[in-house]
Amino acid sequence: MSHFDVIVAGGSISGLMAAREAAKACATVAVLEEDAEIGTPEHCGGLVSMEGMKNLGIVPDASAVENSRIRRARILSPSNGFELSAEKQKVVVLDRRALDKQVALQAQRASADIRVKCSVRSFNKDGTRYIVKTSEGDFTCDYFVDARGVASIINKNRDGVLSSAQYEVFAPWIKRDAIEVAFDSERYPGFFAWVIPTGDGRGKVGVAGKGINAASALKSYMDAKGPYSVVRKVYAPIWVMGPIASFVSGRTVVVGDAAGQTKPTTAGGIYTCGTGGLLAGRSIAKAIAAGKKDDSILDEYQKGWSAMFGEEFSKMLVARRLLERLDNKALDELFSAIPKDKLEDASSTGDFDFHTAALAKMLDVKSAGRMAKALLGNEIRRLVDG
Ligand SMILES: Cc1cc2nc3c(=O)[nH]c(=O)nc-3n(C[C@H](O)[C@H](O)[C@H](O)COP(=O)(O)OP(=O)(O)OC[C@H]3O[C@@H](n4cnc5c(N)ncnc54)[C@H](O)[C@@H]3O)c2cc1C
């Protein structure tokens, strides 16, 4: 039976980041990915900030950048809407297939052994080691990293899961420089519909919501916009309930979507899940360098991630609860209550990865604040008073 210091189950952004960082410390690391190709099937809009990429130590290859010209975001309620400038946020649309392969190459160069079409079926403690049973035979390891995505978390809790559909679409109504986010509490309860352009006339168009038939909701959204052709369809669950209580148990370390590290507002996870993998890999490397004697070193991972994102994620959860309570009339009223100067302020100071501060500024308007308070009581203070 082959033995590795670290086995990572799941070869997507969080697992590959964990593998890259652990392998840099000369640990023997295997990444076991059940699909036949790293980066597939792609189930991601690929919208990410360049700042986030930089923090992950990734300069996206030209082949991974589908669109670097996003300049504005149109935010719509059923009968209202406004536009934010997105110049300052420097967001790009990435091709996840290419991005994940790029990170896989980084991990491989750091000496990780990446295997595809290798599905992890179980992992069990056997003394100080784990026995990992896979479709390609059994392995042993000292540290097991669970990076299997939402599939891993929904086995424990189905409540925080929304259904989503995202299609690759060719349509004249998609403009290269504009993202669209459309709220409608009846069609997409607890979430929204979106357009992420990859070029003029092409993009990724999706919807998500609690208990919806995502395929028919997406069809209605696109039918109302004009002609289109769908060239690829993806259906995937998304997790919006924030991080699980404990990322580490013994020498089992959970990262990425499997640990609930996706933003509860937008379900964006490339940066926050990637950071989970990065910090987990570093703490495992440190524990190995310390002679595998002190497992408390692994706790540095959860402390580090929570220090970066804990506060922001709890505010995002408050914003989520507010959204879940707004009906379409309230959505329209809220949108019309936001004055132009607040929108300009949000455009010029808003941070794509830490967006609750911009949201709080927009709600810090008398009528909007009154409505939010009526719906959430004093809980809204956690968002607005910061
Ligand atoms: C429709 C949609 C749109 C999104 N758009 C964006 C966006 O625009 N921007 C953004 O930042 N985020 C977006 N996200 C979120 C983002 O895709 C995820 O947060 C991110 O990919 C999580 O990375 P991960 O490595 O934790 O998990 P995943 O990317 O889910 O990867 C898990 C990996 O584990 C593998 N696996 C599962 N089970 C096993 C097993 N038993 N054995 C071996 N391997 C296994 C899977 O094949 C997969 O490769 C979107 C998500 C969805 C669903």
Task: Residues that are small (Gly, Ala, Ser) and farther than 22 Å from Lys373 by Cβ, drawn from the stretch 330-350 - done: Ser347, Ser348, Gly350
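Would you confirm, using the coordinates I've provided, whether Ala224 is of a type in the set (A, V, I, L, M, F, W, C) and open to solvent by 50 Å² or more (accessible area, probe 1.4 Å)?
It is true that Ala224 is of a type in the set (A, V, I, L, M, F, W, C) and open to solvent by 50 Å² or more (accessible area, probe 1.4 Å).
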TODO: Have a look at Ser111, Ser79, Ser85, Ser68 and point out the one that is of a type in the set (S, T, N, Q), open to solvent by 40 Å² or more (accessible area, probe 1.4 Å) and assigned by TED's automatic domain parsing to the domain that holds Gly39.
DONE: Ser111
TODO: Would you check if Ala98 is outside any strand (DSSP E or B) and either within 11 Å of the ligand (Cβ to nearest atom) or modelled with pLDDT of 95 or more (or both)?
DONE: yes
Task: Qualifying residue in the stretch 182-192 (condition: surrounded by fewer than 22 Cβ atoms within 10 Å (Cβ to Cβ), of a type in the set (A, V, I, L, M, F, W, C), part of a strand (DSSP E or B) and in contact with a Leu (Cβ under 7 Å, 6 or more places away or on another chain)) - done: yes
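Out of the strands (runs of 3 or more DSSP E) lying entirely within the stretch 112-154, which hold 3 or more residues that are closer than 30 Å to Gly242 by Cα? Let's see the steps before the verdict.
On the way: elements: 113-115, 120-126, 129-134, 137-146.
Once the strands (runs of 3 or more DSSP E) in the stretch 112-154 are filtered for at least 3 residues that are closer than 30 Å to Gly242 by Cα, what remains is 120-126, 129-134, 137-146.
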Open item on the list: Given the criteria more than 22 Å from the chain's Cα centre (by Cα) and open to solvent by 20 Å² or more (accessible area, probe 1.4 Å), does Gly211 qualify?
Closed with: no
TODO: Can you tell me which residue within the stretch 22-65, out of those that are within 8 Å of the ligand (Cβ to nearest atom), among the aliphatic types (A, V, I, L, M) and open to solvent by less than 20 Å² (accessible area, probe 1.4 Å), is nearest to Arg251 (Cα to Cα)?
DONE: Leu32
Task: Test: residue in the stretch 115-122 that is within 23 Å of the chain's Cα centre (by Cα) and open to solvent by less than 10 Å² (accessible area, probe 1.4 Å) - done: no
- [ ] Mind listing whichever residues of the stretch 155-178 are at pLDDT 95 or above and in a loop (DSSP other than H, G, I, E, B)?
- [x] Ala171, Pro172, Trp173, Ile174, Lys175, Arg176, Asp177
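The values are calculated or read from the model by the stated rules, or taken from the named source; none is laboratory data. Every value quoted in this text rests on a predicted model; they were computed, and no experiment measured them. Methodologically, a virtual Cβ is constructed for each residue, glycine included, from the backbone with ideal geometry; neighbour enumeration extends over all protein chains shown. Each accessible area value is taken on the protein alone, full model and side chains, heavy atoms only, with ligands, DNA and RNA left out. Shrake-Rupley method; radii C 1.70, N 1.55, O 1.52, S 1.80 Å.
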